[in-house]
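First up is the structure itself, then whatever we jot down about it.
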């Protein structure tokens, strides 16, 4: 949108002041520098250079992740009535999370990975699972999900839109990754981490079963997530 407006102004004869012309040149120069430095990410709101561990925003309607600088992120930190929200950075492991195999099966999710978040726009909990084509929404049955919520007080601290319950019931031994004892894992994770997992699966999936590479990437992802996480306090409430 900005580029279109600038182009329209530049093409209007005798209607642009010398200051505006100079500003247009500077913007074009800045744009050229961005193109010549592809390794540097830029804020998607103001175009400022970003540090590697920059914050992210989520666009509430489209659920798209947006890269942001710190000043822009602060504008949407904790905001309730805006287009964007700043994505949380905390990662909490949930070692006491209770979910039976029967409860998992009742959620009708075709793979053993999924994330669940509360949408403030739609006023409901939404479930996504990764696929080679990107995130796929799974339609939750209210009774099945409510039974899980009732048995897990930790879900009461899940922040709408910006955090998700991330579930891994992948068996590493079955995937040929390790011989360690399989145990389901549950995390309260930032939404950008959930989309990172989706991106890994989309990028590395091969054939019908995904192939060894994709499951190795998934295992590495969760190993890194464990190092970032802290155990949630037992009996945690909002």
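Bear in mind that the values in this text are calculations on the coordinates, not laboratory data. Just so it is clear, the model here is predicted, and its values are computed rather than measured. FYI the Cβ positions are ideal-geometry reconstructions off the backbone, even for glycines, and counts take in every protein chain you see.
Observations on the structure shown:
- Cβ-to-Cβ counts within 10 Å put 194, 67 in ascending order as 67, 194, the fewest first.
- q = 0.14, 0.16 Å⁻¹: log10 I(q)/I(0) that the Debye formula gives for the stretch 92-231, counting C-alpha atoms only: -0.63, -0.84
- Rough spin-label spacing in nm, given labels placed 7 Å along Cα→Cβ, for residue 196 and residue 171: 2.8 nm
- Note on residue 112 and residue 70: their simple-model spin labels are 4.2 nm apart, each label 7 Å out from Cα toward Cβ.
- Inter-label distance for residue 89 and residue 40, nm, one decimal - labels placed 7 Å from Cα along Cα-to-Cβ: 2.2 nm
- Computing Rg and the Kirkwood Rh from the Cα coordinates of the stretch 40-87 gives a ratio, Rg/Rh, of 0.95.
- From least to most packed, judged by other beta carbons within 10 angstrom and beginning with the fewest, 90, 233 follow the order 233, 90.
- Counting every other Cβ atom within 10 Å of each residue's Cβ, 213, 230, 193 order from fewest to most as 230, 213, 193.
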